[in-house]
Amino acid sequence: MYGDCQVISSNMGTNINPNFNFISNFQHFSSILPKEENGVLRGKEDMESGSGSEQLVEEHQGIIEMDSNNDNVLHQNLKKKRYHRHTARQIQEMEALFKECPHPDDKQRLKLSQELGLKPRQVKFWFQNRRTQMKAQHDRADNVILRAENETLKNENYRLQTALRNIICPSCGGQGILGEPSLDEQQLRLENARLRDQLEQVCSMTTRYTGRPIEGMPMQPSLDLDMNIYSRQYTEAMVSSSDMMSMPSMLPPEAAHFSKGDLLIDEEKTLAMDLAVSSIAELVKMCRSTEPLWVRDSESGKDILNVEEHARMFPWPLNLKQHLINEFRTEATRDSAVVIMNSITLVDAFLDANKWMELFPSIVAKARTIQVISSSVSGHASGSLQLMYAELQALSPLVPTREAHFLRCCQQNADEGSWAIVDFPIDTFHDSLQHSFPRYRRKPSGCIIQDMPNGYSRVTWVEHGEIEEKPIHQIFNHFVHSGMAFGAHRWLAILQRQCERIASLMARNISDLGVIPSPEARQNLMKLAQRMIRTFSVNISTSGGQSWTALSESPDDTVRITTRKIVEPGQPNGVILSAVSTTWLPYPHYRVFDLLRDERRRSQLEVLSNGNSLHEVAHIANGSHPGNCISLLRINVASNSSQHVELMLQESCTDQSGSLVVYATIDVDSIQLAMSGEDPSCIPLLPIGFSIVPVVGSTVDGHPSPPPEDGVANSGCLLTVGLQVLASTIPSAKLNLSSVTAINNHLCNTVHQINAALGSPASIENGNTIAEPNNAPAPAPAPAPAPKQ
């Protein structure tokens, strides 16, 4: 997928994994090398001036010798190549004749060669190459037009299919069918409509006489679920209760549907292309300007946007549609970093919705390209403009996702060797799209990508948007309002880590540990872990409108549960019960990460290991930090026999914006399928894990913590624990209180044991082995608020 990625060393940080060596496998790829078309080699000068400026003069000299067997053998010397570069005048004259007559005859070529001091053969070759070049350009232009027409036809086909599926029968109100229905079907539909009316009348009469409302639809039979069917055993006693709890069930929604009214018409396309020019200019200024547009915060060291100065510098047309100040809040952040990926590969990933989601699996929950408005005639990325939809997420059900339709434009600055990727809003001239909750408007945002030597790129990122002011849970209030949840700092930190991961995916010489038989098996294992991370991120957020239920009416409670019905491949089919909780901890996020990623220390926590030991049988390093790795673990090695082996796939990753530790149990057959090079997308995964994010100016119960006496900044973090269990393989099953109580108690005990382990002297000693970047001392252990049971 990322074929142009450069695999080289990255000496960022003080802890370098010895198993991760980029430089030894570095190979230089060039995505802009001239190509050979129709047997004619065209160089860079060919592409710029349209001339075949390098002609080959061939000299043949044959030497005939007699061998010892009196056989005549013909030996011909190798062809000697001599390059001749045309002058500017020669190219100009041949170009002028080519415009009048692309196929000159022998007399015209002879006359032109005499005037220009060339051989007729050289003139003939130049015209051949020029015709081939023109034909290739026309073919590329035709391909672009055909692709756009094909995309339009597919969209129209999809819209018609959606309309056909939503046809309602005018007689009975049921789903319509195509063609003429049979007589039996008509009678059954009419009979169903008559019975439905009678049922509603009976329910209405019963309600009138009894005074209690009667539901017209029959209740589904309940199913008591026992927690003993779960793969993990729970030590809590089960509550014997026949009371049923109504739980929201939701299928994973499809990507955002769109109708014909969502597409831009020709007049709007012209306006969109004009706005793209203004948006790129605004992005460039916001990336390169300092004061008074950006003001440096002395406490945090981050740039803060001067909203009044921004409105003065960019008054029209992007700020034409103003929102009420009381309803919308402005978020604007800026950051810059160096990533281990060249600009061509980055641009390709940003313009492809699927690659964009894979590049940011923990931020972009859903993305799709709705309409390609403009693309370069030559098929080059520069100048492309497309209408996109995206849903952005934070890894907690307490933070609502942000959905937006926006236009994405790409422009290259060849003189500076840089690219600009800008997103700007569409609602300034096209307001027929359905608004999300809370409403989110993506103002001109994006990045400037500057090429650097050895395949590196410097990326300057600006994230600017308006979000509807809605209350957020107090534990995440500072995290969201400070811009750390959706700001440029988080985007760039994840981009840096993912670029290293992609470089490791493409590497062939990294020495892995354990039972990994081939590079194909290594890639399959990494793809399986990537899907595990993405599944976990989506399942613990509010992506797709997924609703979560609070178990307590207390505003301090952070426990949320939900159920999902899964029928698609990639996850176990049936009803999945999920529970998520977030707790503030007075410890640096890297210290919590070191505890949870270490399988030996984590196995000491009874609630997480259930008394089982873990042994690493395979290890893949996918970043310069030793914590960025994928492990294949064997559960309870002492008791497992060769016939029954339990395995666990785990990936841990960390960067400046936070850390993730995600793992899932997996059977041996599935691992053998991945190791054999087969497609691992069908392997079912039900991941659980932890998300740790640092909090600058940490909070306790939603309130800012007091400043330390020694003047050193507090270094707390927010720990989000996400658990998932397959409650039943029956999609229509319902949960009782015993199931919910058991997973809630398990979640609470998990948080308590993690907090206790972090406060133990052994954990403090282990946690000090890796120094914090700013060398700030670890705070004294303190009890942390736990979820309410």
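The values are calculated or read from the model by the stated rules, or taken from the named source; none is laboratory data. Treat the numbers as computed from the prediction; the structure is a model and nothing was measured. Virtual Cβ from ideal backbone geometry, glycine too; neighbours counted across all protein chains shown. Ligands, DNA and RNA are stripped out before the accessible areas are found, and what is left, the full protein with its side chains, is counted by its heavy atoms. Shrake-Rupley method; radii C 1.70, N 1.55, O 1.52, S 1.80 Å.
Among the numbered conditions (1) at pLDDT below 95; (2) among the aliphatic types (A, V, I, L, M); (3) touching a helix residue (DSSP H, G or I) at 6+ places or on another chain (Cβ under 9 Å); (4) closer than 29 Å to PHE479 by Cβ, the only one that ILE421 does not meet is (1). For segment 260-283, the set of residues classified as at pLDDT 90 or above and open to solvent by 40 Å² or more (accessible area, probe 1.4 Å) consists of VAL277, SER278, ALA281, listed by residue number.
Going through (1) at pLDDT below 90; (2) touching a helix residue (DSSP H, G or I) at 6+ places or on another chain (Cβ under 8 Å); (3) surrounded by fewer than 19 Cβ atoms within 10 Å (Cβ to Cβ) one by one, ASP451 falls short only on (1). Scoring GLU403 on the criteria (1) in contact with a Lys or Arg (Cβ under 8 Å, 6 or more places away or on another chain); (2) at pLDDT 90 or above; (3) acidic (Asp, Glu) leaves a single failure, condition (1).
Consider segment 286-306 and keep the residues that are surrounded by fewer than 15 Cβ atoms within 10 Å (Cβ to Cβ), not acidic (Asp, Glu) and not in a strand (DSSP E or B). The one that is modelled with the lowest pLDDT is SER300. Take SER581 and tell me if it is touching a residue at least 12 places away in the same chain (Cβ under 8 Å) and out of contact with any His (no Cβ under 8 Å at 6 or more places or on another chain). Yes, satisfied.
Okay, residues lined up against (1) polar (S, T, N, Q); (2) open to solvent by 10 Å² or more (accessible area, probe 1.4 Å); (3) outside the structural domain of TYR440 (by the TED database):
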| residue | (1), (2), (3) |
| --- | --- |
| VAL480 | no, no, no |
| GLY487 | no, no, no |
| ARG497 | no, yes, no |
| ARG501 | no, yes, no |
| SER541 | yes, no, yes |
| GLN546 | yes, yes, yes |
| SER552 | yes, yes, yes |
| ASP556 | no, yes, yes |
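Taken over segment 558-575, residues that are among the hydrophobic types (A, V, I, L, M, F, W, C) and either at pLDDT 90 or above or open to solvent by 10 Å² or more (accessible area, probe 1.4 Å) (or both) amount to 3.
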